[in-house]
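Here the structure comes first, spelled out in structure tokens, and everything after it is commentary.
The values are calculated or read from the model by the stated rules, or taken from the named source; none is laboratory data. Owing to the predicted nature of the structure, the values given are computational and were not obtained by experimental measurement. Note that we place each Cβ from the backbone using ideal geometry, even for glycine, and neighbour counts take in every protein chain shown.
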Amino acid sequence: MNITKKIIITDTNIITDLNNANILEKFIELDNVYISDMVKCDEINFNTGNVNIIKKFKTINATSKEIDELFKISKETHGLSPYDIINFIIARNNNAILATGDRRLKNYSEANGIEVIRTLKIIKLMKNKDIITNKEAINGCKALKENPNTRIPMSDIDNILKELEKNSVIH
């Protein structure tokens, strides 16, 4: 995966997870991370995480043409919210990666040629690109595992933890 490719945050799940893993601020500092203006204005609140940190996200706006397409696609697609669809369109039109925890959006996007990244892959990518240390990645995964509101399957977290802990022994 190319870390220089634009990443579009599509929902608050990713933000909340990265906040709970204590690496959100480093993620926001990446030059290529964006959030749609609609999600930033309508879905972000104190439950998502530190609003002062989240306000630092660069925004990407939908064009009027993209909003028109949203209505067309929403008639053809069931189970996706207007936010999901507009983020899909923005990512497609900007040759970007979608960052989402939403399974329906992930499946729809991948079926339509859009690359998708989720929380654990973001942590692994940030560690591999030396944006966070291996220890920060391990601590982040442990924090996610200990959080009672984590929606990420524990087996997925355990698999990443094993890989990260193995890397810390090697290095």
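List the residue pairs whose Cβ atoms are under 9 Å apart, where the first residue sits in segment 144-155 and is touching a residue at least 12 places away in the same chain (Cβ under 8 Å), the second is surrounded by 10 or more Cβ atoms within 10 Å (Cβ to Cβ) and part of a loop (DSSP other than H, G, I, E, B), and the two are 6 or more positions apart or on different chains.
Leu144/Ala21; Leu144/Thr150; Leu144/Ile152; Lys145/Ile152; Asn147/Ala21; Arg151/Gly101; Ile152/Gly101; Ile152/Arg118
If you take the residues of segment 45-69 that are buried (at least 17 other Cβ atoms within 10 Å of the Cβ), part of a loop (DSSP other than H, G, I, E, B) and in contact with a strand residue (DSSP E or B) (Cβ under 8 Å, 6 or more places away or on another chain), which of them is modelled with the lowest pLDDT?
Top of the filtered list is Phe57.
Could you look through segment 133-171, keep only residues that are surrounded by 12 or more Cβ atoms within 10 Å (Cβ to Cβ) and β-branched (Val, Ile, Thr), and pick out the one that is farthest from Asp102 (Cα to Cα)?
Thr133
For segment 19-42, give me each residue that is surrounded by fewer than 17 Cβ atoms within 10 Å (Cβ to Cβ), within 22 Å of Ser81 (Cβ to Cβ) and either of a type outside the set (Asp, Glu) or under 14 Å from the mean Cα position of the chain (by Cα) (or both).
The one that is surrounded by fewer than 17 Cβ atoms within 10 Å (Cβ to Cβ), within 22 Å of Ser81 (Cβ to Cβ) and either of a type outside the set (Asp, Glu) or under 14 Å from the mean Cα position of the chain (by Cα) (or both): Cys41.
Quick one: how many residues across segment 93-119 are touching a Lys or Arg at 6+ places or on another chain (Cβ under 9 Å) and free of Cβ contacts under 8 Å to residues at least 24 places away in the same chain?
4
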